[in-house]
Structure formats: structure tokens, C-alpha cells
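Single-structure report; data block below.
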Amino acid sequence: MIATGTRLGPYEILAPAGAGGMGEVYKARDTRLDRVVAIKVLPQHLAHDPQLRERFEREARTVSALQHPNICVLFDIGEQEGLDFLVMEYLEGESLADRLAKGPLPADQAIRIASDVAEGLDRAHKHGIIHRDLKPGNIMLTKSGAKILDFGLAKGRSQAMAANAMTAMVTQTKPLTAEGSIVGTFQYMAPETLEGGEADARSDLFSLGAVMYEMLTGKRAFAGKTQASVIAAILASEPPPISAIQPMTPPALDRVVRTCLAKDPDERFQSAHDVVLQLRWVHDAGSSAEVPQPVRTRRKLRERALWAFAGAASLAAIILGVMYWHSLQQNPQVVRALLSDNSAERLLFTGDNAGPVMLSPDGKYAVYLAMDAAGRPMLWLRATSSLNGAPLPGTDDAKFQFWSSDSKSVAYFQGGKLKISDIAGNPAVTVADAPDARGGSWAPDGTILFAADTRTGISRVRVSGGGAEAVTQLDAGHTTHRWPQVLPDGKHFLYFAGDHNNLRSEASGIFWASLDGKQKQLVVRTYTGAQYVDGYLLYQREGSLLAQRFDPATGKLQGESQAVAQNVNFDITTWRGVFSASDTGLLVYQMGGGALGTKLAWFDRSGKMLGTVLGPAYIQDGRLSPDGKRVATTLGDAASDLWILDLERGTRNRLTFSGSPNVGEAWSPDGKQIVFMSGRAGHFNLYIKPADGGGEEQPLLPPSAADRILGEWTHDGKFVVYFEGNTSGEQDIWAVPVQGERKPFKVVATPTFDTDPVVSPDGKWIAYGSSLNGRNDIYVSRFPDGTGRWQISAAGGLAPRWSRDGKELFYMAPDRSLMRVPVGVNGNSFEPGPPTALFRSTAVSSPSYSYDPAPDGKRFLINSMDEQGSLPMVLVVNWKAELKK
């Protein structure tokens, strides 16, 4: 026993908190960050046992890989005077075992807890770690949700021997009798584990099923007075249906639990992510929910192919039969089915370079953007009558695709051009320039409406070629027109108009206009794009997908709006809901209810996540101070502000309060000032402010008619580099002296788009992105004169960064691989080595890849998406059937 007040490094022992299979647990205080933690100590009489010490260290490695809101966090590992200890998150609340002692839980509460646990297991399983001892005593109920404890029996798939109790509860569990402790443990074990077989992820799902059963009924799924009787029940008996004990339990929830408790692992859900999707469906469907046929358990490996949706989302073949059957009925009913993500390809549905699934007008095809097996973003095409999809040739790095009115061709944006391809696979045809497009629409007469750039009006062009001409002009209160849709009469169209300076501006909304420019009116105030389909306007409001009667000839809404779906994902970076509908009654949408939260996290050079600095939240970027002790980051959507995070003290300080978008930041070499971008004057300009928050920010340059996008502050403190558009519609790289007259000068100017400038630590070289070859690649030129040009990337790249010693260049490949290039200098010539991938990241691609190498070059701070795979998709058949007439 360690006395109160004892110090273990910076940790002061406050009180005993419990004990686990391999050590005592104490409540302690981290004197550096002034926070309460839990410390688990390996007893001294065991510390000299090499095997136990190895186990102790292995436990630390196991849990350190599991950074997730539903898993107890490991903060630190230490040793003092022969005493080995772990520092973990201290959890306040009660264990699920204690809660169950009071009786069963309401269904909605049980679903919420089970979803938390399943998400935590999903993270562990994706790291190759099996818990093997999931039970109510190892689940802690806290204000922030359920957290899994005690990964002590967890085993990596490559390990031959499991470690013992690791993250045992940091509050004392009620003691059990010897017999009860044995029975209690066995009552949650999967049959294959009891038979001495190899445990895998599906074994944890059996345990989760047993826990869910107990939460819903207040009774254990498998009971017995002896160890032998419990084992016999698990191996041969089925528990009574939950509905027989709690009749109000949704049948779908009963089915989820029974699937988890299947004796044969192949008959269970095959991943914890599947369980998460099912529980979400049950929760959203309500008490009347019945699990639909297409979401039954996948049983054999060959049957998993039946769950492929467009190469990335899965759908059972029976759905097609249900769709066909309902289409024959005089009174069709709504059918909803989850499309669970089950493939290696990553869906790319949100962000500045996205391509969410789009149904063809005739409902026979779906096209969407995903990564192929080689990690290339490509459009995928799938017939809805087929079980398999395939990449559409020549569509590498395409985005924002849309269909021809006859459903035979697909238009998309690629390399700054508007292109079209027929679905037969013939070579693409270039139609018009589109530097940074935001959507298009193809009329029956061969006219295409499209938004060529992020800050332009709508243009039109003929498919047969010719110059594009403007259809709309930006007006007061709007900085962008995007997501056009030609209406059935071919004379009118819809588009979204918004304000970059205020995402939720009262002026933002869907507008109806005529192609001749004589008519224009507001249809509905909203901050997302919309779609007209079969007499209805579909648009979003606060996560709900709404349908309202709409007359395309007059541009007027009729009646009241009605909810079609809840919790529909919204891409805040492009002002667009992730949904698509066809005139045939099909609707597909992605669940999510808002932009995905991201997190600033540390990763080593192998891609292992070492810890989270901030998040999940809406984080746009993050740059380390020169000494690596602080982070400048942007939080918020369109009305974003800059914050300074102190990594040593664990505090954060808000730097801007303007209410306008303040994004992108770079530190002065001495760490005393920050330069950043702000859209407060209508266009992005550069401002400087003290990093401690004192004093007012000052413009670095007078306002410009074009956006100035920040690169960085050079290491010698003399210049700030940035890129800016010119009168030819291109982007050039500039530098401005920080002192003196601040007269900017051009550094790099090519007949294309140059972005993301960063200067080497010695001040002699500038790395940047340029689309000289039709795709964005990384180049290096001399600084400050911009002479010479050496290509760094081999197959596309964005967001270059120098190592602090100037011996390496990093950049992001199109598949989000973090690339490393050794660099050298021979006289006046730059000598780059071959690019090699360090690891495939989950870096957020919008507004730009945000990452920063640590000063020691051993870690990277990355604004990263959560590694939980794609959000679930939902297919709705006969979506109008539930609308009130």
C-alpha cells in the first residue's frame, strides 16, 4: 500500500481506489496539469519477475494504441525506485454492474450504452486487439458516456499469450464470492473461448450480447449454480427471448442481441461496426422497429460480397427483391435499409474534393467517389440491378459528379476542367475550364450549368463545346453561387447562394431563376444545396432532410415541409447535404447530422497514434510553435476563430473575436506573433497579432480584390509568403517583407495554379504546389527569386512541409499517404531523393491538409478524422409514401 501524499514522479497519491489482477489502483493528482488521474502500480514483490514485467509493459503498449472516447485513456508509464506504474484517466461514475444491481435499464438507455461499448470495441479490433473479458464490471458509466475498462486480458492477434488485468476499474468493485467470481466471469464468455478455441473480435461481440441481454432484462443470459452448469448453458442453451421478459422491447433490438449470442461465430455480426450500425438503426426507427431482411447477419465469406454497395457500401441481394415487390404494389410502403461500409476502399463523400453518391435520373445507376485498391480516388459506377461496382476509367481525382438527363453519361470536374464520360467507358471529353468547381447540372437540350469556382456565379456551356458564359452574377450578401439544378422545363434552374463570411447568413438560401436572366427569387432560406425531384424540393435544416411541394414553373413552395429523414450528414465545407434522389422513388443519404468532428492528434513516423491534443471538434488546421510547446489552431465553421493551445499546461487561449472566418496561421520565428487570414473585409487578407492575445491585430497588407492565402512566416523572420489570384484567373506565389514598407513581390508565377508555399529553414528554397502537369504536384524553386524548378512528388501531392533541420520534405499524396523526400544541395542545385510513404493518414483534406512535423522530426501533429470507417448509408425505397397528401 502506498501512503497518501507519496510522489511518483509528478503524480501525488491521493487515496486508494481499488485493485486489479496485476496491481493496485490509486487516485492521484498530476501536479503539472493539475488534473486527477488513476495510477496502477505493479507490486514490488512481482516487479522482479521478468515474465510479469514483460506483461506489464505489454499492457501499456496495448492500451496506448486505443485512443477513443469509449476506452479508458492511458496517459503515461513510469518507474521510480523499482516501482513500475501506469497513469490512466480517472473515471467518475458507477460501473454497469452496480447500475444493474438496481434493475434493468430502459431500452433507449441500454442502446446508448451498448453503442458506446461497440464503438470502443470497434476501435480496439481495428488495432488487432481483443478484449476477451467484457462484462458489466468492466464498463464504467460516466457523464460523457460508457467507457471500457480492463483490457488486461486483451490480446493482439500476433501475441501468443495474453496479458493480465490492465485498466481495472479505478473505483472499488463490489466483492463476489469465490464461486460467484468464477460464474460471473464465465457467464459472458463465448462458446469458442470456453472450448479452448482462439478468441477473435466475434468473441467480444458474444460478450456484448450477453451484457445487452442483462441490461434489457435485469437477468443474465446464461445462469447456473456451478461453473459446469454455466458452461453447459452457454454451449447448448438459448436464453429466453427478451420480449418474453420485457414485452415492450423493440423486436429489432431483440434480434440484434440474439445475433450477437449466436453459438457459431459465423452466425454473429462480423464486426463491432456492424453492431453500431444496427443499434443506430433501431434507435432512429423507434419502438416499432423491426430489423429489415437486408440487414441480417452475414454468414459466410462469399455472402459478404452481397453486401457491396458501389464498391464501398454493402447491400444484401434481398433488398433488390423487396424493391421490386414494392414497386408492383398499388399502395407502396416505405422500405429503409442500412448500407454498411464493408470494403477496403474509402468513401470520399465530404470535403473540397468529394464525390457523394449520385443516383441517375432513371434510378438504374449510382456513381460516387472512392479510393481504389491502389489508393487512387476514382469515380465508381454501379448498376442498381447488379451486386458489383467498378471504377470509371480515366476519372482519377474527379469530384462533384452529376448525370446527364438520359442517364447515359456522367459529368465531373478534374484537373481544373469540366469533363464528361459516357458510362460505356469511352474516353473523356473536356468541355470547359473549372478551376475549383462546386457542382453542375445537365439539361436535356445539351446545356450544362455549373459553378466554375468557389467565389463565382453560375455559368453555362454547351456539351458540344464553345465558350462558357455567365448566367448569374454575385450580388450583395453572397460570395458564392453553387449546386445548380436545371428544372424540367429547361428554362429555369435552382442554385444555392451563400456567404463565406457568415455560413448561417439570413441572405443564404435556395434561389429560383430563369436562364434568360429575367426572373430570380428566393425559394427558401437555408444553408445547404437542394434537389428538386418529382414535384418536391428536398433540402436540409438542422440535420433533418425535408420535402416540400414545389412548382418548378413558378418557383413557389406549396404546403408545409415534411421530414423525410433525420440525422442526415451535412458537408459544412461545401454547403451541401449528403443525399441523392431519383424520380423512381429511390433516396440514398449518409447519416451523420453535421460535419464530421476531427481531432488534432500526434502520430509517430510509422503512423501509430500517440495521443490526442484536441477534439473531436470542428478543427480546420493546426501549426506548432517553433519550440513545439504550443499549437495555433482554428475552431468553428464559417465564423471561426484562432486559439492557442499550451501543450505543457493543457490550457487554451482564444486569439480572435471578430465573428468572421479567421483561418490559417503561421508563427513568427521567436514565437511571439501570429500571422493569419481573415475574411472580415469581404476577401481573405493577412493580419498579425501577438501570440499572447494582447493588443489588436493589424493588417499586414492593404485589402485586395482577391483572396490572399497564407503560406508561412520564413524562419529568418524577414518575409511572409502567400498565394493570390491574378486577373487571368490564375494563382501566383508572393512574399512580403514584414518590416519596412512591406512592398510585396512575386516569387513564383506559372500559367496555372500555385499554392501552399513554404520556405526552407536556411531561407534558400521554396516548396509549393502547382498544377503544371494537369494535377497538383510539389515543386521546389530558389528563394527569393523563384528561379529553377525541381519536381518533388512523383504522382501528385499537396501541402509541403520542411523538417526543422531542412534535410527532409514532407507532403500529402492524393490517397492521404504522408510522403517523405530526403533533400540535399549541390552548389546552386537542389537534389531531391525518391519519395517514400511513411504511412497512410486520416488527415482532413479541407480546407487543406493540416499537419505539422514536430521539431525533433519524430512525430507529426495531424488534423485527423476518426478511424471508424465511413458513416452509414441509408437506402429508402418509395420515400414519398409516408408524406401527407
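Using a probe of 1.4 Å, the accessible surface attributed to His127 totals some 80 Å² when neighbouring protein chains are kept in position.
Over the Cα atoms of region 194-252, Rg to Rh with Kirkwood Rh, two decimal places?
Details: Rg = 12.7 Å, Rh = 12.7 Å.
My calculation puts Rg/Rh at 1.00.
Backbone geometry of region 203-215 corresponds, through the Karplus equation with coefficients 6.51, -1.76 and 1.60 at θ = phi - 60°, to 3J(HN,Hα) couplings of 5, 5, 5, 4, 4, 4, x, 5, 5, 4, 4, 5, 4 Hz, x marking Gly and Pro. Largest accessible area first, the residues Tyr368, Tyr532 order themselves as Tyr532, Tyr368 under a 1.4 Å probe with ligands, DNA and RNA left out.
Solvent-accessible surface of region 409-529, averaged per residue with a 1.4 angstrom probe and all protein chains in place: 38 square angstrom. Set the Förster radius R0 to 25 Å, insert the Cβ-Cβ distance between Ala795 and Val825 as r into 1/(1 + (r/R0)^6), and round the FRET efficiency to 0.05. It comes out at approximately 0.50. Other residues with beta-carbon under 12 Å from the beta-carbon of Thr384 carry, at +1 per Lys or Arg and -1 per Asp or Glu, a net charge of +1.
Carbon and sulfur together cover what percent of the accessible area of region 424-574 at a 1.4 Å probe radius? Walk me through the numbers on the way to the answer.
Details: 2790 of 6010 Å².
Ligands and nucleic acids excluded, carbon and sulfur give 46 percent.
The fraction of accessible area contributed by carbon and sulfur in region 648-773 is 49 percent, rounded to a whole number (1.4 Å probe; ligands and nucleic acids excluded).
Taking 0.36 nm per residue of separation and subtracting the current Cα-Cα distance, fully stretching the chain between Glu696 and Lys629 would add 21.8 nm. Bridgeable aspartates and glutamates around Lys143 (alpha carbons under 13 Å apart, same-chain partners fewer than 8 residues away excluded): Glu92, Glu94, Asp116. Tell me, what is the 1.4 Å probe accessible area of Lys399, in Å² to the nearest 10? Surface accessible to solvent at Lys399 totals approximately 20 Å². Each part reduced to its alpha carbon centroid, region 109-140 and region 740-757 end up 52 Å apart.
Can you check what the net charge comes to around Arg801, using other residues whose Cβ is under 11 Å from the Cβ of Arg801 (Lys, Arg +1; Asp, Glu -1)? Local net charge: -1.
Within the full protein context, the accessible area of Tyr213 is estimated at about 10 Å² for a probe radius of 1.4 Å. Among residues other than Gln521 with Cβ under 14 Å from its Cβ, the summed charge is +2 (Lys and Arg +1, Asp and Glu -1).
What accessible area per residue comes out for region 733-862, rounded to a whole number of Å², with a 1.4 Å probe? If you can, show how the numbers build up before the last one.
On the way: 5060 Å² over 130 residues.
I get 39 Å² per residue for this part.
Excluding ligands, DNA and RNA, the accessible surface per residue across region 189-279 is 37 Å² with a 1.4 Å probe.
The values are calculated or read from the model by the stated rules, or taken from the named source; none is laboratory data. None of the values given here were measured: they were computed from a predicted structure. Methodologically, a virtual Cβ is constructed for each residue, glycine included, from the backbone with ideal geometry; neighbour enumeration extends over all protein chains shown. Surface accessibility is based on the protein's heavy atoms, side chains included, excluding ligands, DNA and RNA. Shrake-Rupley method; radii C 1.70, N 1.55, O 1.52, S 1.80 Å.
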